[in-house]
Amino acid sequence: MTRFIFITGGVVSSLGKGLSAAALGALLQARGFRVRLRKFDPYINVDPGTMSPYQHGEVYVTDDGAETDLDLGHYERYTGVAARKSDSQTTGRIYSTVISRERRGEYLGATVQVIPHVTDAIKEAIQAELGGEDFVLCEIGGTVGDIEGLPFLEAIRQLGNELGRERAMFIHLTLVPYIPSAGELKSKPTQHSVKELLGLGIQPDILLCRCDREIPDSARKKIALFCNLREGRVIPALDVDTIYDVPMAYHAQGLDREVCRHFGLEAREPDLGRWQQIVERVRKPEGAVTIAVIGKYTHLPDAYKSLSEALAHGGIANNVGVKLDWLDSEIFEKDDAVSYLEGVNGILVPGGFGERGSEGKIEAARFARERKVPYFGICFGMQMAVIEAARHLAGLNGASSTEFGPCADPVIGLMTEWMKGDQLEKRKANGDLGGTMRLGAYPAKLIAGSRVAEIYGTTEISERHRHRYEVNINYKPRLEKTGMRFSGMSPDGELPEIIEFPDHPWFIGVQFHPELKSKPFEPHPLFTSFIKAAVEQSRLV
Ligand code: GLN
């Protein structure tokens, strides 16, 4: 029997609903249950693929090629369950489904309305493509009280009714702020938020209360009384020093126990050994390395969420702390890179779009190559490393990417056709922007004996992509003469997937996004190896 847990948020945004959902998923899994996590975003974009990182943070990509909210990354990192397209819904996607049904005449002459047609489509999405999971955790994006969230709240209210208490529960995440002038924690915002939910017909079964300090029993009692709950169902969610402590912190406060009680489940105590180990390693590293991350949205860490997590996982694997030095690539276009990069143990150029800042990234790749500092180029970061080598090693002064306009030597160019399995995918140069990239999991073949084959321990891999441009295969012979090795290719040999410089301590560029698959309990081999190289570099200086 599949049970549904709906997670809403109140008072303010950014309380960490995604992390809370992920942590609860991990706890239920640790009790032996099968879980799936889903996200429902009330905005009108069909997916976040066309949104600026300033608006939305990172776009997380699934194996099946969906561009989704970054919370799906948390879900995967905490549970290891690969997210799918059907786990990510938005108002835009729901409405496009409803509108295309209307155009096909499927509503048989009815006036198409939010209730029941949109809410029905939401309920369908909540229950779609499941395979016998014990729990489906559905996070509703936004904050209770937002106009655009109403159809989702109405849909979960209806579904809660239809499924009954044995199969549905509501968890509401709120904020209990400390007011310094009063020297007190305040429960009123939580009371108001629950009142708002009650007005929509939803009585939360559990309140998760974010707070920066212990919540005294008296405050818990008061919240319980006003919000119509037993005290044990008012669960403090206190700040922790590492996000990987959240599952254990919630367990200590009784979250998973109360969830099991709600459903009348006699479940074994969770095995939290792996979380304990991770937290211990994060808290007591045996050393530290500094990695410079050269990007464009460096003051907005959410834009590189999976990346900073994957680097931390590399640290966990090597038992070192990883300090990230976020550098805006444009500074290298004005100042000498040397002064910024001299002290770092590794340089990473992540994914990116557009010409602004690209010359700075090319400079960073050059510094890493010439000074023999470990270099990890991801997607755009690989493309910039290829341009750098073409210009400075192959003598192609006009080498660039056609993403920035026409150029003499398009070493990075737009692919208009490629194979996905045995199907030909096509893209037009002036086509739609949304959903038209090479997206999702693609296999690659690695050259036996290459550094990457050794790192992966195999010559066949599958990694997730999100890009329009590719290394231009026509330049492969010229680039190989510079010492660059094309150590990973698409199975048909047409698309370069990985490049490396075998005579450099660690210089690898990948066309895909390995950070999306890294987990704290299963760090991605490329990140483990990159941080190991940084540790070795730190011993040299
Ligand atoms: N802008 C580049 C492309 O579209 C790289 C994209 C990326 O780094 N994800 O190919």
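The values are calculated or read from the model by the stated rules, or taken from the named source; none is laboratory data. The model shown is predicted, which means the values in this text are computed figures rather than measured ones. Cβ: placed from backbone, ideal geometry, glycine included. Neighbour counts: every protein chain shown.
Computed values, structure above
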item	result
Members of segment 306-348 found to be among the polar types (S, T, N, Q), farther than 11 Å from residue 527 by Cα, touching a Pro at 6+ places or on another chain (Cβ under 8 Å) and crowded, with 17+ Cβ neighbours inside 10 Å, listed by number	345
Residue among 93, 84, 34, 77 that alone is surrounded by 23 or more Cβ atoms within 10 Å (Cβ to Cβ) and in contact (Cβ under 8 Å) with a residue 40 or more places away in the chain	77
When residues of segment 387-409 are limited to those that are in contact with a Gly (Cβ under 9 Å, 6 or more places away or on another chain) and not in a helix (DSSP H, G or I), the one nearest to the ligand (Cβ to nearest atom)	401
Single residue of segment 369-386 satisfying the filter (part of a loop (DSSP other than H, G, I, E, B) and surrounded by 24 or more Cβ atoms within 10 Å (Cβ to Cβ)) that is nearest to the ligand (Cβ to nearest atom)	374
Condition broken by residue 131, with the remaining ones in (1) over 17 Å from residue 38 (Cβ atoms); (2) at pLDDT below 95 satisfied	(1)
Qualifying residue in segment 490-501 (condition: more than 16 Å from the ligand (Cβ to nearest atom), under 18 Å from residue 347 (Cα atoms) and buried (at least 20 other Cβ atoms within 10 Å of the Cβ))	yes
Filter result for residue 522 (under 29 Å from the mean Cα position of the chain (by Cα) and surrounded by fewer than 18 Cβ atoms within 10 Å (Cβ to Cβ))	yes
Leading residue by the ranking (farthest from residue 8 (Cα to Cα)) among those in segment 170-222 that are among the small types (Gly, Ala, Ser) and surrounded by 14 or more Cβ atoms within 10 Å (Cβ to Cβ)	219
Matching residues in segment 445-488 - criterion: being away from the ligand (no atom under 16 Å from the Cβ) and either in contact with a Cys (Cβ under 6 Å, 6 or more places away or on another chain) or on the phi > 0 side of the Ramachandran plot (or both)	449, 457, 483
All strands (runs of 3 or more DSSP E) inside segment 259-368 with 1 or more residues being touching a residue at least 12 places away in the same chain (Cβ under 8 Å) and within 16 Å of the ligand (Cβ to nearest atom)	288-295, 346-349
Candidates 148, 162, filtered to the one that is in a helix (DSSP H, G or I) and under 26 Å from the mean Cα position of the chain (by Cα)	148
From 476, 481, residue being touching a residue at least 40 places away in the same chain (Cβ under 8 Å) and surrounded by fewer than 21 Cβ atoms within 10 Å (Cβ to Cβ)	481
